[in-house]
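Shown next, in structure tokens, is the structure this report addresses.
The values are calculated or read from the model by the stated rules, or taken from the named source; none is laboratory data. This one's a predicted model, so the numbers in the text were calculated from it and none came from an experiment. Glycine also receives a Cβ, built like all others from the backbone with ideal geometry; neighbour counts cover every protein chain displayed. SASA here: full protein model, heavy atoms, side chains in, ligands and nucleic acids out. Shrake-Rupley method; radii C 1.70, N 1.55, O 1.52, S 1.80 Å.
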Amino acid sequence: MESMAAQAIFYVVAALVLASALYVVLGSNLVHAAFALVAAFFGVAVFYVYLGADFLAGAQVLIYVGGILTLLLFGVMLTNRIYDLKIRTGKVQVLPGALASGLVFALLIWIIGAVDWGAMDTGDPGPSSEPLGRLLVGDYVLAFEIASVLLLIALMGAAMLVRRRSGS
Amino acid sequence: MSDAALSLTRFIPELALVGTLAVVIVADLLTQRWETLRANSLLTWIAGGGLLVALFTSLGPPGGGALFASMIADDGLLAVLRPVFALTALFVLLFSLRARELESVRMGEMVALIVTTAAALMWMAGSVNLVMIYLSLETVSVASYLMVGYLSSERLSNEASLKYILFGAVSTGAMLFGLSLLYGMTGTLDLYGVREALASGAHGPELLLVLVLIAGGIGFKIAAVPFHFWCPDVYTGAPTPVTAFLSVGPKAAGFAVLIRFFYSGLATPEGGSFLPIPGSEAQTLLIVLSVVTMTLGNVAALLQTNLKRLLAYSSIGHAGTMLMGAAALSSEAVHAIGVYLVVYLFMNLGAFFVVILAHRVTGSFDLASYAGFWKRSPVLTIAMVVFLLSLLGMPPFMGFAAKYYVFIAVIQADLVWLAVVGGLNVAVAAAYYLKVVMTMVIEPGEASPPAFAFSRLDAVLLALLAIPNLVGLLFWNALDGFTRVSRQLLDLV
Amino acid sequence: MIPLEHYLYIAAALFALGVFGVLTRRNAVSVLMSIELIFNSANINLVAFSRYVEGAVGGQVFALLVIVVAACEAAVALAIVMSLYRLLKEVNIDRASELRG
């Protein structure tokens, strides 16, 4: 169903996501790394569109790019007086880290190859927001409520941690 | 009635706690202008009432079905653990009134966090759906990070919290990745559905690798080696009542999740035992984890000079002992873990309470500051000796029952060599528990140390914790009976 | 159509990169960014399996809740970083070690 162009765009986006992720973990400028993370998050949202998860793609952009990333940027800027502070202070064990994560990657690739996933294409699933909404207030209503409790305490706790010191 | 409405009638303890949370938050706002001590005691009363309601409504016979469209198992294991969580939270709540670190601090958020954690622990222990397991585990985690970092003007507390959240997010991230692969392999998020799908196919080592990723998240919660790095630092940096909470509550819930995974999701019940899905190597994994965890925990505890750190490593050792029980993969093992967790509540919280009371006077957690303790407060010394010997598993204290059940379960599963390793570990544990006892009783302390003063609350709490340890073995049948229902996992009811 | 395995390879690569970042980064905020990569990699898996294996939206519900959790963790972690920064005037997890590792 997807044209060649759509496929080509997918792989371009995939390359962009991986390149940005690479910058996030390797780059020496924290602010640039945060913006690279924006690119990676956008790319992941594009994957969701390809997978027919339209609502999730929207949520990804709104929450990750609009929320989490803004938070991270605030964190970067409020904790570094110097805008482009170099973050490689002290000794960094790059080689053992690279070996360990390389091993993880190799094992995961092996798992992906070894398992018969039984993948099937069910065709265009149509808009996902309706079944998603029904599940959230149906079978998963408890999870939905727990998420609200989690948000409540996270909000309360984050405010507490930052407020108290400025008050005292 | 609809399924959700019916489920709510079996969900009273959790509802009571969430209701209490709402009341606490509003009450905290309304008392902003009150003086700290008065506001703290009001909030403690409210939360204490809520926890008592949760405690009493959670006692009683287990239900026998799944709640909320198979999200929560209302079974024997949950019936045993719900009161454990409520009681632990209640003790911790009262501890925080007495802890020196928290004395002059407004407790509104802390009280709210304790109540939330108690509820989230209950959700965690009952979860039989991958989404619920992950979500409730993260709720417990986020609340724990906040409690550990509660003293935001204390450097140690902040550092501990930062370490905790970074380690925690990585471990649960690995677990999440493992869960996603498990979902892909089975096409379902329901734990029993996972078992069905796995049992119908053949699996190689890839299943073990997925299991290792998932074990990362569980191991983080129960502080099993090698996911324990955070444990000593967090236990040392956190306010002591929070340390006590973390060493009992999340550990118990982590074991519940472990049982759900290894006994329900990845094994099929057969008579009194559970046969792991071929290819998962679940038993080997548990045995390795348990041997490494107990040995490292106990040996490292030997080297500690700070009592909070020592108790942190000792709690790692206890996690290893419980893992040893879990490796037996039998109904006896579930029962043994149930007994262990109930007993562990009293002995470990007791030891931490003595540490809290000593810290009020000495302002130190160093083992050296406990020298001459006997002369300063014979009552506290005797209480501490009881808790430590109980932790060691020495009769006639209640800790013996915990060790007894675990070792019997291990031997019945034909893992005699594992029981021997466990026995050697008890010997190592004896060395450091007795070291503490010796310091308190024999070593001379300062010439004229400050005296201890007890409030009535201290005496009541101390008695509530010490008496079960002292006379627990006389009520063997009651303990056995109360925890026996834990064998009735959801699919065995 | 894009085969399922390709999504999984991308997710595996993101996960490995996240692990690499966690192991090598020394700045708390950078470690947090690497952790976000790990969460995203798991989410790609979940949504891909939801489409190709389950054929329903269960995995998407999971992914949505993961986003919620990630937001909570980021908020709490940054609040702690800020609080600690005011105490230390730096966010370098190596130097933040009055506690022995």
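Tabulated data
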| quantity | calculated |
| --- | --- |
| Residues (in a helix (DSSP H, G or I) and open to solvent by 10 Å² or more (accessible area, probe 1.4 Å)) located in segment B:181-190 | B:Met185, B:Thr186 |
| Odd one out for B:Ala47, checked against (1) closer than 19 Å to B:Gly249 by Cβ; (2) among the small types (Gly, Ala, Ser); (3) open to solvent by 30 Å² or more (accessible area, probe 1.4 Å) | (3) |
| The one condition in (1) at pLDDT 90 or above; (2) closer than 23 Å to C:Met1 by Cβ that A:Ala106 fails to fulfil | (2) |
| Residue satisfying condition, being under 23 Å from A:Ile153 (Cβ atoms), modelled with pLDDT of 85 or more, in a helix (DSSP H, G or I) and within 7 Å of another protein chain (Cβ to nearest Cβ), within set C:Val19, C:Val69, C:Val47, C:Val53 | C:Val69 |
| Residue among A:Leu56, A:Leu37 that is closer than 18 Å to C:Asn45 by Cα and within 7 Å of another protein chain (Cβ to nearest Cβ) | A:Leu56 |
| Members of segment C:23-33 found to be of a type in the set (A, V, I, L, M) and at the interface with chain A (Cβ under 7 Å from one of its Cβ atoms), listed by number | C:Leu23, C:Val29, C:Leu32, C:Met33 |
| Some residue of segment B:452-470 being out of contact with any strand residue (DSSP E or B) (no Cβ under 6 Å at 6 or more places or on another chain), open to solvent by 90 Å² or more (accessible area, probe 1.4 Å) and not hydrophobic (A, V, I, L, M, F, W, C) | yes |
| Number of the exception - B:Phe56 against (1) exposed (fewer than 15 other Cβ atoms within 10 Å of the Cβ); (2) more than 24 Å from the chain's Cα centre (by Cα); (3) over 14 Å from B:Val105 (Cβ atoms) | (2) |
| Residue, nearest to A:Gly138 (Cα to Cα), within segment B:1-57, restricted to residues that are among the acidic types (Asp, Glu) and in contact (Cβ under 8 Å) with a residue 12 or more places away in the chain | B:Asp3 |
| Checklist (1) in contact (Cβ under 8 Å) with a residue 24 or more places away in the chain; (2) closer than 28 Å to A:Ile109 by Cβ; (3) more than 24 Å from the chain's Cα centre (by Cα); (4) more than 14 Å from chain C (Cβ to nearest Cβ) applied to B:Ser273, failing item | (2) |
| Lone unmet requirement of (1) surrounded by fewer than 20 Cβ atoms within 10 Å (Cβ to Cβ); (2) more than 30 Å from B:Glu281 (Cα to Cα) for B:Ile408 | (2) |
| Any hit, segment C:5-12, residues being without any contact (Cβ under 8 Å) to a residue 12 or more places away in the chain and either open to solvent by less than 20 Å² (accessible area, probe 1.4 Å) or at the interface with chain A (Cβ under 7 Å from one of its Cβ atoms) (or both) | yes |
| Unmet requirement for B:Arg484, which otherwise passes all of (1) over 25 Å from the mean Cα position of the chain (by Cα); (2) in contact (Cβ under 8 Å) with a residue 40 or more places away in the chain | (1) |
| Condition check for A:Val17: of a type in the set (A, V, I, L, M), modelled with pLDDT of 95 or more and surrounded by 22 or more Cβ atoms within 10 Å (Cβ to Cβ) | yes |
| Residues of segment A:122-137 that turn out to be at pLDDT below 85, more than 16 Å from A:Tyr48 (Cβ to Cβ) and surrounded by 14 or more Cβ atoms within 10 Å (Cβ to Cβ), as a count | 0 |
| Segment B:396-433: number of residues that are closer than 30 Å to B:Lys375 by Cα and in contact (Cβ under 8 Å) with a residue 12 or more places away in the chain | 12 |
| Single condition C:Glu36 does not satisfy, out of (1) more than 7 Å from chain A (Cβ to nearest Cβ); (2) crowded, with 24+ Cβ neighbours inside 10 Å | (1) |
| Output for segment B:364-382, where each listed residue is surrounded by 18 or more Cβ atoms within 10 Å (Cβ to Cβ) and part of a helix (DSSP H, G or I) | B:Leu367, B:Ser369, B:Tyr370, B:Phe373, B:Trp374, B:Arg376, B:Leu380, B:Thr381 |
| Subset tally (residues that are closer than 14 Å to B:Met71 by Cβ and among the small types (Gly, Ala, Ser)) for segment B:1-32 | 2 |
| Candidate set: segment B:148-180, residues that are farther than 10 Å from C:Leu84 by Cα and outside any helix (DSSP H, G or I); chosen: the one farthest from the chain's Cα centre (by Cα) | B:Leu151 |
| Close pairs from segment B:89-113: first without any contact (Cβ under 8 Å) to a residue 12 or more places away in the chain, partner hydrophobic (A, V, I, L, M, F, W, C), Cβ under 9 Å, at least 6 apart | B:Glu103/B:Leu37; B:Glu103/B:Leu97 |
| All positions within segment B:191-222 that are under 30 Å from B:Leu246 (Cβ atoms), open to solvent by 10 Å² or more (accessible area, probe 1.4 Å) and within 14 Å of chain C (Cβ to nearest Cβ) | B:Leu209, B:Val212, B:Leu213 |
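So that you can scan it fast, the table gives a plain yes or no per residue for (1) surrounded by fewer than 24 Cβ atoms within 10 Å (Cβ to Cβ); (2) under 16 Å from the mean Cα position of the chain (by Cα); (3) β-branched (Val, Ile, Thr); (4) away from chain A (no Cβ under 11 Å):
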{"site": "B:Pro62", "(1), (2), (3), (4)": "yes, no, no, yes"}
{"site": "B:Gly65", "(1), (2), (3), (4)": "yes, no, no, yes"}
{"site": "B:Phe85", "(1), (2), (3), (4)": "no, yes, no, yes"}
{"site": "B:Glu101", "(1), (2), (3), (4)": "yes, no, no, yes"}
{"site": "B:Thr116", "(1), (2), (3), (4)": "no, yes, yes, no"}
{"site": "B:Tyr145", "(1), (2), (3), (4)": "no, yes, no, no"}
